[in-house]
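Take a look at the structure set out below.
The values are calculated or read from the model by the stated rules, or taken from the named source; none is laboratory data. Small disclaimer: the values here were computed from a predicted structure and weren't measured. Note that each Cβ is placed from the backbone with ideal geometry, even for glycine, and that neighbours are counted across all protein chains shown.
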Ligand code: FEO
């Protein structure tokens, strides 16, 4: 989308689509790309809200020039978030528009100095401060740790557009449609949750604090730095973030397993059969050696039940399972029901490590814990089926 797109009176989307980056933050897959959203307000003064990743600078600057007075005058750059997917274009913009004043809170401007060496023509704002653009009045709402310490939101009191930074964002490019009534939202749902769970979910408590700050504000449009702009029904994305940041879940189960020679896979299938026999219809099986943890974290955030099974490798967890468990721990997901099982050949280790995760996570452990030497027999497979059935029971209470 090479042309600026009007959001409301005087406000334009001037973001870009990134189809080339394979891994967000060098670790989260982007099979459907991502957008970096920036906005321009053309009022008495011209203001930019955030910029884009520097890889897309040329297209971005062209859009700014097309809208800025005489192709060259930008009065303010308001920085809601300093992560370089949004601030990467700042130094070049500053060269192109030397009169541009950079607006941010104290932590923002510290990062502007540390990242880009810019210390002049800046304005430090505090929570609740107002910037009058002449025809549009902007109010700043500090929302730290959604997703960095300096993060804030900017609310245009005139048009009631909330420029929300990373909050309410999504992976996936904007494929022609920008607004929620221009897209098939169902095509975005998985990527919205994967973005939330991978990037923002760790800071759920701070998301809740940010949402409390937004209470009572009449928001007409939610304009995030990634993904669709929510104009027809902003409550859709606001409600999802509220539920997810309170760790609310749907009635389903993720079964993630690691298996080198098939024993643990056989157990995983028996567990899933137990789930199915007990009426669970949302069962997501993932082979951790072949599915990136990004997707498993997403499904763990979606569903109430998580069952982890691992073979033993070098007297511990299979490496991909160890990575998944560490990430689940790091993301701080809460209030899940957990089942665990595993196998070993000549000495144990996998189940012992999964038990440690069970204790650390404080998730509710569903019995039985099933551990098998070499290959499961009929009795042990029955125990796996029982684990699935008991998990279904735990979800129904
Ligand atoms: Fe989209 Fe935290 O950067």
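Search the range 227-247 for residues being closer than 23 Å to residue 28 by Cα and in contact with a strand residue (DSSP E or B) (Cβ under 9 Å, 6 or more places away or on another chain), and hand back the single one that is nearest to the ligand (Cβ to nearest atom).
Among those residues, the one meeting the criterion is 227.
Quick check: anything in the range 110-128 under 27 Å from residue 228 (Cβ atoms), assigned to a loop (DSSP other than H, G, I, E, B) and either assigned by TED's automatic domain parsing to the domain that holds residue 11 or more than 16 Å from the ligand (Cβ to nearest atom) (or both)?
As a first pass, look at the range 110-128 and keep what is under 27 Å from residue 228 (Cβ atoms): none.
No, every residue in the range 110-128 fails to be under 27 Å from residue 228 (Cβ atoms), assigned to a loop (DSSP other than H, G, I, E, B) and either assigned by TED's automatic domain parsing to the domain that holds residue 11 or more than 16 Å from the ligand (Cβ to nearest atom) (or both).
Among the residues of the range 193-226 satisfying the criterion of being within 15 Å of the ligand (Cβ to nearest atom) and out of contact with any helix residue (DSSP H, G or I) (no Cβ under 7 Å at 6 or more places or on another chain), which is nearest to residue 170 (Cα to Cα)?
The qualifying residue nearest to residue 170 (Cα to Cα) is 195.
Can you name the number of the only condition in (1) at positive phi; (2) away from the ligand (no atom under 16 Å from the Cβ) that residue 168 fails?
Unmet condition: (2).
Please identify the pairs in which a residue from the range 57-85 that is over 26 Å from residue 106 (Cβ atoms) has its Cβ atom under 8 Å from the Cβ atom of a residue that is within 15 Å of the ligand (Cβ to nearest atom) and part of a strand (DSSP E or B), counting only partners at least 6 apart or on another chain.
Listed pairs, sorted by first residue: 59/16; 60/16.
Based on what the data block shows, is residue 290 farther than 19 Å from residue 385 by Cα and surrounded by fewer than 18 Cβ atoms within 10 Å (Cβ to Cβ)?
Numbers: farther than 19 Å from residue 385 by Cα: yes; surrounded by fewer than 18 Cβ atoms within 10 Å (Cβ to Cβ): yes.
Against the criterion (farther than 19 Å from residue 385 by Cα and surrounded by fewer than 18 Cβ atoms within 10 Å (Cβ to Cβ)), residue 290 qualifies.
Residues in the range 135-161 that are more than 16 Å from the ligand (Cβ to nearest atom) and part of a strand (DSSP E or B): how many?
Narrowing the range 135-161 to residues more than 16 Å from the ligand (Cβ to nearest atom): 135-141, 155-161.
Cutting the leftovers down to part of a strand (DSSP E or B) gives us 137-141, 155-156, 161.
Counting residues in the range 135-161 that are more than 16 Å from the ligand (Cβ to nearest atom) and part of a strand (DSSP E or B) gives 8.
Provide a single number: the residues in the range 180-206 that are more than 20 Å from residue 326 (Cβ to Cβ) and not in a loop (DSSP other than H, G, I, E, B). Quick ask: steps written out before the conclusion?
Going residue by residue through the range 180-206, those that are more than 20 Å from residue 326 (Cβ to Cβ) are 180-193, 195, 205-206.
Right, trim to not in a loop (DSSP other than H, G, I, E, B) and you get 180-182, 186-193, 195, 205-206.
Looking only at that region, the number is 14.
Looking only at helices (runs of 4 or more DSSP H) that fall completely inside the range 207-308, which ones have 2 or more residues that are in contact (Cβ under 8 Å) with a residue 40 or more places away in the chain and over 20 Å from the mean Cα position of the chain (by Cα)? Working first, answer last.
On the way: elements: 235-245, 263-277, 293-302.
The helices (runs of 4 or more DSSP H) meeting that bar are 263-277.
Report whether or not residue 79 is within 30 Å of residue 297 (Cβ to Cβ) and over 19 Å from the mean Cα position of the chain (by Cα).
Values: within 30 Å of residue 297 (Cβ to Cβ): yes; over 19 Å from the mean Cα position of the chain (by Cα): yes.
Yes, satisfied.
Of all residues in the range 58-97 being within 16 Å of the ligand (Cβ to nearest atom) and under 19 Å from residue 3 (Cβ atoms), which is surrounded by the most Cβ atoms within 10 Å (Cβ to Cβ)? Before the answer, list the steps.
First, pick out the residues of the range 58-97 that are within 16 Å of the ligand (Cβ to nearest atom): 60, 78-90.
Applying the additional criterion that residues be under 19 Å from residue 3 (Cβ atoms) yields 60, 89.
Details: 60: 24, 89: 27.
Checked the range 58-97; the qualifying residue surrounded by the most Cβ atoms within 10 Å (Cβ to Cβ) is 89.
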